[in-house]
1. Give segment 33-54 a look and list any residue that's open to solvent by 80 Å² or more (accessible area, probe 1.4 Å) and touching a helix residue (DSSP H, G or I) at 6+ places or on another chain (Cβ under 8 Å), or say none.
2. Show the residue pairs meeting these rules: Cβ distance below 8 Å; 6+ apart or different chains; first residue within segment 33-46 and closer than 15 Å to GLY15 by Cα and among the hydrophobic types (A, V, I, L, M, F, W, C); second residue in a helix (DSSP H, G or I) and open to solvent by 90 Å² or more (accessible area, probe 1.4 Å).
3. If THR58 passes every condition in (1) of a type outside the set (A, V, I, L, M, F, W, C); (2) surrounded by 11 or more Cβ atoms within 10 Å (Cβ to Cβ); (3) at pLDDT below 95 but one, which one does it miss?
4. Pick from segment 1-25 the residues that are open to solvent by less than 80 Å² (accessible area, probe 1.4 Å) and not small (Gly, Ala, Ser): which of them is farthest from the chain's Cα centre (by Cα)?
5. Can you find a residue in segment 68-75 that is of a type in the set (Lys, Arg) and over 19 Å from the mean Cα position of the chain (by Cα)?
6. Could you please find all residues in segment 62-85 being open to solvent by less than 80 Å² (accessible area, probe 1.4 Å) and acidic (Asp, Glu)?
Amino acid sequence: MGEFLPGYEASFWGGLGAPKNTPGDIVDKLNGEINAALADSTIKARLADLGGTPLVGTPADFGKLIATETQKWGKVIRAANIKAE
């Protein structure tokens, strides 16, 4: 698509979240286990088969990704004057 529309960008990502008041030690444990699973060669191969790339990081990294994506797509929504139905 980028060949026909210079600057075109679209992507898909997914992640796991926990309730806001989840204790930090539980968040850290979940994060460590998820990152370990995403580093597993079988899981990496399956994600690659599906066209995906695992993105490991910290909860803070994920928060930054969400904030960046919200800002980026918010601009698109406002520029296109998209309204909720």
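1. Just the residues of segment 33-54 that are open to solvent by 80 Å² or more (accessible area, probe 1.4 Å), to begin with: 33, 41-42, 44, 46, 49-50, 53.
Correct list: LYS44, THR53.
2. Within 8 Å, the pairs are LEU38/LYS44.
3. Just one mismatch for THR58, condition (3).
4. Filtering segment 1-25 for residues that are open to solvent by less than 80 Å² (accessible area, probe 1.4 Å) and not small (Gly, Ala, Ser), the one farthest from the chain's Cα centre (by Cα) comes out as PRO23.
5. Initially, segment 68-75 is screened for residues of a type in the set (Lys, Arg), giving 72, 75.
From the residues that got through so far, the ones that are over 19 Å from the mean Cα position of the chain (by Cα) too are none.
No, segment 68-75 has no match at all.
6. GLU69
The values are calculated or read from the model by the stated rules, or taken from the named source; none is laboratory data. In this text, all values refer to a predicted model and were calculated from it rather than measured experimentally. Positions of Cβ are generated from backbone atoms using ideal geometry, with glycine treated the same way; all protein chains shown enter the neighbour counts. When the accessible area is computed, the model is the full protein with side chains, heavy atoms only, and any ligands, DNA or RNA have been set aside. Shrake-Rupley method; radii C 1.70, N 1.55, O 1.52, S 1.80 Å.
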